[in-house]
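Engineer: Below is a structure I'd like to ask you about.
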Amino acid sequence: MSDATLHDATRDPDDFAVQISDSIESFIVAVTEVAKGDEPDSAVPFLLLEISQLLLTGGRLGAHEDIVPDERYEPDVGPEPDVDELRERFARLLDPVDVYSEVFDPYVPRSAPVACRISDDLADVITDLRHGLAHYRSGRISEALWWWQFSYLSNWGPTASAALRALQSLVAHVRLDQPLDELDGLDTDSDAADGDEERLAEEAGKVMAAEIAGPLGLRKV
């Protein structure tokens, strides 16, 4: 099924599948544009907005009854598009606030924070969304919806939520004149899941919000 067919005027714009696919396509296009770095001053605000809108779509999928695909086994969609370049672009664009700490599952008692990267999160989310989009563009609508719903609950939903929380926290630090703790030495390769939260605090240094506000488009109002 071609892009022209997907957006044919005869397709009902109120159809659930059309709305979900349009939202996902819009997110992929917008975030890919941000990654080009043409407008670095607005990167964080745009990402905050786009991820928020995507999670509304995810909420609709999560609240929907279980979607059952037409076929018992998932058809092969071919090789996954490479997202390494996208990941690297975001890592450069978001430096030095790419790394943040997150609790993986809030319902696991005494969960320790783990190190994450917004750039990794965005690449991971887009990989999941593109996978479903490949089904959709091939005319396998129920398969696409099943995949988007399943991966929202199992992967891209939690990942996007964590990235959104990090971006919202970043905006709040800047707007409220609160210095950021730089996770100096903390990275996704470090062992941050050993329950030693004090170690994270020991590694933290101070970075004034003013140092990142301008480059990332977070000027105070």
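The values are calculated or read from the model by the stated rules, or taken from the named source; none is laboratory data. In this text the structure is predicted, and so the values were computed from the model without any measurement. Cβ coordinates were reconstructed from backbone atoms using ideal geometry, including for glycine residues, and neighbour counts include every protein chain displayed. Accessible surface areas use protein heavy atoms only, side chains included; no ligands, DNA or RNA. Shrake-Rupley method; radii C 1.70, N 1.55, O 1.52, S 1.80 Å.
Engineer: For every other residue with a beta carbon closer than 12 angstrom to the beta carbon of LEU164, add +1 if it is Lys or Arg and -1 if Asp or Glu, then tell me the sum. List each step's numbers first, then the result.
Structural biologist: Working: positive: ARG165; negative: GLU50, GLU102, ASP121.
Local charge sum for LEU164: -2.
Engineer: Express in nm, to one decimal, how much length is gained between ASP14 and ALA30 on full extension, taking 0.36 nm for each residue of separation and deducting their alpha carbon distance. List each step's numbers first, then the result.
Structural biologist: Details: separation 16, 0.36 × 16 = 5.76 nm, distance 2.22 nm.
Here the answer is 3.5 nm.
Engineer: Taking the highest mean first, how do the peptides 35-44, 147-156, 20-29 order by number of other beta carbon atoms within 10 angstrom per residue?
Structural biologist: Details: 35-44: 15.5, 147-156: 20.0, 20-29: 18.3.
Averaged packing, sorted descending, gives the order 147-156, 20-29, 35-44.
Engineer: Would you compute, for the Cα atoms of region 67-146, the largest minus smallest coordinate along each principal axis and list the three values in descending order, in whole Å?
Structural biologist: Here the Cα extents, ordered largest to smallest, are 43, 35, 15 Å.
Engineer: Ok, one more. Run the simple label-point estimate for ARG72 and SER161 please: 7 Å along Cα→C-beta, distance reported in nm.
Structural biologist: 3.4 nm
Engineer: May I pose another question? Around LEU86, under 13 Å between beta carbons, what's the net of Lys plus Arg minus Asp minus Glu among the other residues? Present the calculation step by step, with values, prior to reporting the outcome.
Structural biologist: Numbers: positive: LYS36, ARG87, ARG89, ARG92, ARG117, ARG130; negative: GLU33, GLU80, ASP82, ASP84, GLU85, GLU88, ASP120, ASP121, ASP124.
With Lys, Arg at +1 and Asp, Glu at -1, the neighbours total -3.
Engineer: For region 53-92, how big is Rg over Rh, using alpha carbon atoms and the Kirkwood form of Rh?
Structural biologist: Working: Rg = 15.8 Å, Rh = 13.8 Å.
Reported Rg/Rh, Kirkwood definition of Rh: 1.14.
Engineer: Going by average Cβ density within 10 Å per residue, which order do the peptides 97-108, 127-138 take, highest to lowest? Intermediate values should be presented prior to the final figure.
Structural biologist: On the way: 97-108: 15.0, 127-138: 19.8.
The densest-packed peptide leads the list: 127-138, 97-108.
Engineer: Let me ask something else. Rank ASP15, ASP177 by accessible area, highest first, at a 1.4 Å probe radius?
Structural biologist: On the way: ASP15 65, ASP177 105 Å².
Solvent-accessible surface, decreasing: ASP177, ASP15.
Engineer: Then there is this: Hey, what's the Cα Rg ratio for region 28-95 versus the globular rule of thumb, 2.2 N^0.38 Å? Please list the in-between numbers first.
Structural biologist: Numbers: Rg = 16.2 Å, N = 68, 2.2 N^0.38 = 10.9 Å.
The reported ratio for this selection is 1.48.
Engineer: Carbon and sulfur atoms: what percent of the 1.4 Å accessible area of region 65-157 do they account for? Numbers along the way, then the final one.
Structural biologist: Numbers: 2590 of 5150 Å².
Reported share for carbon and sulfur atoms: 50 percent.
Engineer: Which of the peptides 159-171, 67-79 is most tightly packed, and how do the rest follow, judged by the mean count of other Cβ atoms within 10 Å per residue? Before the final figure, lay out each step's value.
Structural biologist: On the way: 159-171: 19.8, 67-79: 11.0.
Descending packing order for the listed peptides: 159-171, 67-79.
Engineer: Over the alpha-carbon set of region 14-130, divide Rg by the Kirkwood Rh and report the Rg/Rh ratio to two decimals.
Structural biologist: Values: Rg = 16.3 Å, Rh = 16.3 Å.
Here Rg/Rh amounts to 1.00.
Engineer: Binning at 5 Å from 0, report for region 110-163 what percent of all alpha-carbon pair distances ends up in each bin.
Structural biologist: In order of increasing distance, the bins hold 4, 20, 25, 19, 14, 8, 5, 3, 1 percent.
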